[in-house]
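J.: Mind looking over this structure? Questions follow.
A short reminder: the numbers here are calculations on the coordinates, not readings from a lab. Everything numeric in this text was worked out from a predicted model, so none of it was measured. Quick reminder, even Gly has a Cβ in these numbers, built from the backbone with ideal geometry, and neighbours come from all protein chains shown.
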């Protein structure tokens, strides 16, 4: 793996880790709000969690622009598009019920495989 790919992978891994951590934190707020009967707050947190994934996608696209290896660049752009799609699907409490957590995990696995940490 060349130096640029190592740098881009390290940056992208940090981007995904931070984004997924923020996403998970926000999902915890959904559960807490719903448990306390605050469905409006829960719905707002669902929407915010979607926005977090969309922001993550944008950050990954920025990372991809730094990649000199076309395969790495394309893979990061593809992963970003998936995060964008997942984030866009979270627009209500009911949308959370059909949220594809396996797809989110597969994206993390793809990033690991791409950058040699898996």
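J.: Explain nothing, just the number: relative contact order of segment 3-114, from Cα pairs under 8 Å at least 6 residues apart, as a whole percent.
T.: For segment 3-114, the relative contact order is 28 percent.
J.: Turning to a different aspect of this structure: In nm, what is the difference between 0.36 nm times the number of residues separating residue 113 and residue 25 and their Cα-Cα distance? Intermediate values should be presented prior to the final figure.
T.: Numbers: separation 88, 0.36 × 88 = 31.68 nm, distance 2.52 nm.
Full extension of this stretch gives 29.2 nm more.
J.: Still on this structure, I have one more. Taking the Cβ-Cβ separation of residue 98 and residue 18 as r and a Förster radius of 22 Å, what is the calculated FRET efficiency to the nearest 0.05? Working shown, then result.
T.: Working: r = 26 Å, r/R0 = 1.16.
After rounding, the FRET efficiency stands at 0.30.
J.: Report the gain in length on full extension from residue 44 to residue 10: 0.36 nm times residue separation, minus Cα-Cα distance, nm rounded to one decimal.
T.: On the way: separation 34, 0.36 × 34 = 12.24 nm, distance 3.19 nm.
Contour length minus the Cα-Cα distance gives 9.0 nm.
J.: Shifting gears a bit: Pop a pseudo-label 7 angstrom from the Cα along the beta-carbon direction at both residue 106 and residue 71 and give the gap in nm to one decimal.
T.: So the two model labels end up 2.1 nm from each other.
J.: A further question follows. Translational diffusion coefficient of the chain at 4 °C, 1.567 mPa s, Stokes-Einstein with Kirkwood Rh over Cα pairs, in µm²/s as a whole number. Please report the intermediate quantities before stating the final value.
T.: On the way: Rh = 14.6 Å.
Using the Kirkwood radius from Cα pairs, D works out to 88 µm²/s.
J.: Pull out a ≥ b ≥ c, the square roots of the eigenvalues of the alpha-carbon gyration tensor of segment 29-71, then state rounded if a/c is under 1.5, prolate if not and a/b is larger than b/c, and oblate in the remaining case.
T.: Working: a/c = 6.87, a/b = 4.87, b/c = 1.41.
It comes out prolate by the Cα gyration axes.
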